[in-house]
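Q: I'd like to ask some things about the structure below.
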Amino acid sequence: MGLTAAGIGSGLDVESMISQLVALQKQPLKQLQAKASSIDTQISTMGSLKSLMSTLQDVARKLTDKSAWQLATAASSNAAVAVKVTGNATPGASEISVQALARAQSQASKNFVSGTSFGQGSLTIDLGVDNSDPNNPKPAKTAKIDVTADMTLEQMAVAINKKSGDSGVMASVLKDANGERLVMRSKDSGLANAFTVSVAGGDANLQALASGAAGQVVQAAQNAQATVNGIEVQSSTNEFKQVLQGLSFTVGQVTQTDAPAVVTVVSDTEGMKKSLQSFMDAYNALSDKLTSVTKYDDASKTAGVMQGDSTIVGLSNGLRGVLSASLGGINLSDIGIQMGKGGKLAFGTSAADKAKLEAILQDPDKLAQMFAAPGEPDKPETKGLAVRMKEFTDKMLEFDTGLFDAKNKSLTQFKKNNGKAQDRVNEQADAFEQRMRAQYTALDKKMGSYSALSAYMSQQVMQWNR
């Protein structure tokens, strides 16, 4: 509002009067602003609840996989054999003896005088055998390396390495006091990666690089060899990946005949217990938040920001409903998990509850069935707890049509409507102020003319009385 002089003519405190009248017109803004603040808090609360629901969804999704309950730990009694769990390992023990370690083929040429050059020709490296056509076996990999006149061993090693992707063989030059050798070595270990070198053309020096030539030092390719529970097994590397179900083991040295490694697999009860705890933690975090935003605090006489909200009440009831359903007559209390004060899940502390928990941890298949049973469509009673919880959270978090997105849309619309209502109040107050100023300005002028007339009459009366 610009600078005004309302009240000068009448002598009244018009500015104060107008300000107070406009303030009365804007009185509804306080309630609207308080409501806007409440809506903002509700939107923020829904965001927090959605995040907690998403965490519960992630945990439930992991536990719908039966392998998540087939947890095991493995240990080896001998450092010669290292073992790790890779899948659904069966509890038990296995004896492993190691007879040989895997190695790559290495072929070193005879010694050459340093700086020896070679005649023009070529080397052909054939690695492994491709038996895809039994009537026409051929190398699994092959590469031809052209040797130019006067090429040195170092230049030849560079040429071989450029073709290593085709040949599976790398080369280097070994130098000592006796001269230098060309050393070729297969990139991978195992019998399947054995190679031969043939020579075409060239001179006697080049011919000396062919497999079987005089003066060569050859380390033959070899598979790792072990005996597992009396059965001989081999691997092209020192890692055996599929010999024992759900395990892989790596051999590091040959074992003594009378000292095999004993690999023991036991159920990972602590891992399964952690899975149960992660589910309870995610559920409790969401349940606690729902309780805090809907309860009435007697001490502070304040209600939760979502108290009485039908959407949140329905969400709370639905969440508890998922837990209340049993699978084949088995529920959480049957495995030693109790729902305590405030609806929080926890492992029971009684001797009976501890015994129930220990029993279910020793029966991974039953635990997996209780949580991960896929069930039948439209028959929730046939589905595992994690499966039901995942379906429930999926529905709540569904994009655009899920509970959270729908509620957020509603609250956002309420906030827009609230903003429009505040704008209307401000517009009405501005219009009212303009009317008041126009009326008081007219009054001021009228009062000013009356004051001027009164002063003139007083002056005339004084003249008459002289």
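Q: Heavy atoms only, probe 1.4 angstrom, no DNA, RNA or ligands counted: give me Glu427, Glu239 ranked by accessible area, highest first. Numbers along the way, then the final one.
A: Numbers: Glu427 115, Glu239 55 Å².
Output order, biggest surface exposure first: Glu427, Glu239.
Q: If Phe399, Phe404 are ordered by their accessible area, calculated over protein heavy atoms with a 1.4 Å probe, which sequence runs from highest to lowest? Please list the in-between numbers first.
A: Details: Phe399 170, Phe404 5 Å².
Reading off the accessible areas and sorting them downward yields Phe399, Phe404.
Q: Identify, among Leu191, Ser236, Gln31, the residue whose Cα sits farthest towards the positive end of the charge dipole of the chain, taking +1 on the Cβ of Lys and Arg and -1 on the Cβ of Asp and Glu, with the dipole about the Cα centre.
A: Result: Gln31.
Q: For the range 42-188, build the charge dipole from Cβ charges (+1 Lys, Arg; -1 Asp, Glu) around the Cα centre, then report which of Ser67, Ser48, Leu123 sits farthest towards its positive end.
A: The one lying farthest along the dipole's positive direction is Ser48.
Q: Next up: Using r as the Cβ-Cβ distance of Gln277 and Ala421, and R0 as 51 Å, what FRET efficiency do you calculate, to the nearest 0.05?
A: Numbers: r = 49 Å, r/R0 = 0.95.
Taking R0 as 51 Å, the efficiency between Gln277 and Ala421 is 0.55.
Q: Please tell me the relative contact order of the range 179-265 in percent, rounded to the nearest whole number, where contacts are Cα pairs under 8 Å and at least six residues apart. Could you put the intermediate results ahead of the total?
A: Working: 76 pairs, mean separation 17.1, N = 87.
Relative contact order for the range 179-265 comes out at 20 percent.
Q: What dipole magnitude, in Debye to the nearest 20, does the chain give about its Cα centre under +1 on Lys/Arg Cβ and -1 on Asp/Glu Cβ?
A: Value, rounded to 20: 1920 debye.
Q: Which whole-number percent of Cα pairs in the chain have a distance greater than 42 Å? Walk me through the intermediate numbers first.
A: Details: 63770 of 108345 pairs.
Cα-Cα pairs in the chain separated by more than 42 Å: 59 percent.
Q: Related question: If I model a spin label at Asp130 and Ser333 as a point 7 Å from the Cα along the Cα→Cβ vector, what separation in nanometres do I get?
A: 6.9
Q: Taking the alpha-carbon distance from Lys445 and a cut-off under 30 Å, which lysines remain once sequence neighbours fewer than 8 residues away in the same chain are dropped?
A: Lys26
Q: Same structure, new question: What three numbers, in Å, describe the spread of the alpha carbons of the range 60-186 along their principal axes, ordered from the longest?
A: Cα extents, longest axis first: 68, 41, 34 Å.
Q: A further question follows. Which part of the range 107-143 falls in the paramagnetic zone of Lys162, meaning amide N under 18 Å from the point 7 Å along Cα-to-beta-carbon?
A: 118-125, 142-143
Q: Mind listing the phi-derived Karplus ³J(HN,Hα) values for the range 323-334, rounded to whole Hz, using 6.51, -1.76 and 1.60 with θ = phi - 60°, and x for any glycine or proline?
A: For the range 323-334, the Karplus-derived couplings read 6, 6, 6, 10, 10, x, x, 9, 10, 4, 5, 6 Hz, x marking Gly and Pro.
Q: Once every DSSP H run of n ≥ 4 in the chain is given -39500 (n - 2.57) and the sum is divided by its residues, what mean residue ellipticity at 222 nm do you get, rounded to the nearest 500 deg cm²/dmol?
A: Working: 11 runs with 202 residues, N = 466.
About -14500 deg cm²/dmol.
Q: Contact order normalised by length for the range 164-212, with contacts defined as Cα pairs under 8 Å and 6 or more residues apart; what percent is it? Present the calculation step by step, with values, prior to reporting the outcome.
A: Numbers: 47 pairs, mean separation 12.2, N = 49.
Relative contact order, the range 164-212: 25 percent.
Q: Right, something else. Have a look at Ala372, Gly168, Ala79 and report the one farthest towards the positive end of the charge dipole of the chain, computed about the Cα centre with Cβ charges (Lys/Arg +1, Asp/Glu -1).
A: Of the candidates, Ala372 comes out farthest on the positive side.
Q: Using r as the Cβ-Cβ distance of Asp298 and Val262, and R0 as 56 Å, what FRET efficiency do you calculate, to the nearest 0.05? Kindly include the intermediate steps, with their values, before the conclusion.
A: Values: r = 64 Å, r/R0 = 1.14.
So the FRET efficiency works out to roughly 0.30.
Q: Per-residue HN-Hα couplings for the range 82-96, Karplus 6.51 cos²θ - 1.76 cosθ + 1.60 at θ = phi - 60°, whole Hz, x for Gly and Pro?
A: Residue by residue, the range 82-96 yields 9, 10, 9, 7, 10, x, 7, 7, 8, x, x, 10, 9, 9, 10 Hz.
Q: Remind me, relative contact order of the chain in percent, using alpha carbon pairs under 8 angstrom and six or more residues apart? Display every interim value, and only then the final one.
A: On the way: 795 pairs, mean separation 108.3, N = 466.
Taking the mean separation of contacting Cα pairs over the length of the chain, I get 23 percent.
Q: To continue, here is another question. Work out how much length Glu15 to Met457 would gain on full extension: take 0.36 nm times their residue separation and subtract the Cα-Cα distance, in nm to one decimal. Can you show the working numbers first?
A: Numbers: separation 442, 0.36 × 442 = 159.12 nm, distance 3.03 nm.
Value of the extension gain: 156.1 nm.
Q: Work out, step by step, the length gained on full extension between Asn465 and Val22: first 0.36 nm times the residue separation, then minus their alpha carbon distance; give nm to one decimal. Show your work: numbers first, answer last.
A: Working: separation 443, 0.36 × 443 = 159.48 nm, distance 4.93 nm.
Gain in length upon complete extension: 154.6 nm.
Q: On average over all directions, what projected area in square nanometres does the range 359-399 have, based on the convex hull of its Cα atoms?
A: Details: hull surface 13.3 nm².
The orientation-averaged projected area of the Cα hull of the range 359-399 comes to 3.3 nm².
Q: Whose amide H sits under 5 Å from the amide H of Leu101, counting only residues 5 or more places off or on another chain, with H placed in the peptide plane?
A: Amide H to amide H, under 5 Å and 5 or more residues apart or across chains, Leu101 pairs with Gln225.
Q: Can you list the HN-Hα couplings for the range 226-231, worked out from phi with the Karplus curve (6.51, -1.76, 1.60; θ = phi - 60°), rounded to whole Hz and with x for Gly and Pro?
A: 9, 10, 10, 6, x, 9
Q: Under a point-charge model restricted to the Cβ atoms of Lys and Arg (+1) and Asp and Glu (-1), what is the dipole moment magnitude of the range 334-466 relative to its Cα centre, in debye to the nearest 20? Present the calculation step by step, with values, prior to reporting the outcome.
A: On the way: 21 positive and 18 negative charges, 232 e Å.
It works out to roughly 1120 debye.
Q: So what does Arg103 come to for accessible area, using a 1.4 Å probe and Å² rounded to 10?
A: About 90 Å², rounded to the nearest 10.
The values are calculated or read from the model by the stated rules, or taken from the named source; none is laboratory data. Because the structure is predicted, anything quoted here is derived from the model rather than measured. We place every Cβ from the backbone using ideal geometry, glycine too, and count neighbours over all the protein chains shown. Surface accessibility is based on the protein's heavy atoms, side chains included, excluding ligands, DNA and RNA. Shrake-Rupley method; radii C 1.70, N 1.55, O 1.52, S 1.80 Å.
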